[in-house]
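The values are calculated or read from the model by the stated rules, or taken from the named source; none is laboratory data. None of these values were measured; they are calculated from a predicted model. As a convention, Cβ positions derive from the backbone with ideal geometry for all residues, glycine included, and neighbour counts pool all protein chains shown. The accessibility values were calculated without ligands, DNA or RNA, using every heavy atom of the protein model including side chains. Shrake-Rupley method; radii C 1.70, N 1.55, O 1.52, S 1.80 Å.
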Amino acid sequence: KEAIKGRTLALVPKEIEIFDITLLDCVKENVFKFSISCSSGTYIRCVCRDMAEKMSTYGVMHCITRTRCGGFHLVDAFTLQDIEAGKFALLSCESLFENEAIQLCNEDSDKILNGQILHCEALDGKYKLYGKGKFLGIALVKDNNLKLDLRLL
């Protein structure tokens, strides 16, 4: 919106992490295909701009394909044709979270589902919580106290 009004915005630098850059192909002269593994929040267009600048030239982004985001991988995706044909699988709620798991006994499951806070020796953080043979939700451990943070049962 600001560009339409003729205003320029100052880009605020952000610390990101590039884990790997791999040249996959030289498509034609001065046209390259590469793979980047990076931290969340990385603007790939900015990475390409910065790479071109380091080579004292200019660069243009032609195409970006995100192959992974968190625990989701493009190879596991379904096409629109698959979905229209009914050839797809729904994700389970628990697959949406990458946290470590805590398993509760039946008695503790009842307690936490009724709002009680339990003593827990796990490190502070968020955990997938299981009890009664089911995924209960996301629990928060802080100062050896375990409480249900997001109930999914």
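Here are a few things to note about the model shown:
- Looking only at region 33-48, and only at residues there that are open to solvent by 40 Å² or more (accessible area, probe 1.4 Å) and polar (S, T, N, Q), the one that is farthest from the chain's Cα centre (by Cα): Ser35
- Glu29 vs. criteria touching a residue at least 24 places away in the same chain (Cβ under 8 Å) and of a type in the set (Asp, Glu): no
- Qualifying residue in region 11-31 (condition: surrounded by 11 or more Cβ atoms within 10 Å (Cβ to Cβ) and either in contact with an Asp or Glu (Cβ under 7 Å, 6 or more places away or on another chain) or among the polar types (S, T, N, Q) (or both)): no
- Restricting region 99-126 to residues that are among the acidic types (Asp, Glu) and more than 24 Å from the chain's Cα centre (by Cα), the residue that is least open to solvent (accessible area, probe 1.4 Å): Asp108
- Residue match in region 104-123 (condition: under 30 Å from Cys26 (Cβ atoms) and either touching a strand residue (DSSP E or B) at 6+ places or on another chain (Cβ under 9 Å) or modelled with pLDDT of 90 or more (or both)): no
- Sole exception among (1) closer than 22 Å to Val27 by Cβ; (2) modelled with pLDDT of 90 or more; (3) not aliphatic (A, V, I, L, M) for Phe88, by number: (1)
- Selection status of His62, closer than 30 Å to Ile36 by Cβ and open to solvent by 90 Å² or more (accessible area, probe 1.4 Å): yes
- From Glu53, Glu15, Glu29, residue being of a type outside the set (A, V, I, L, M, F, W, C), within 28 Å of the chain's Cα centre (by Cα) and farther than 23 Å from Gly71 by Cβ: Glu15
- Leading residue by the ranking (most open to solvent (accessible area, probe 1.4 Å)) among those in region 65-85 that are among the β-branched types (Val, Ile, Thr) and under 27 Å from Cys26 (Cα atoms): Val75
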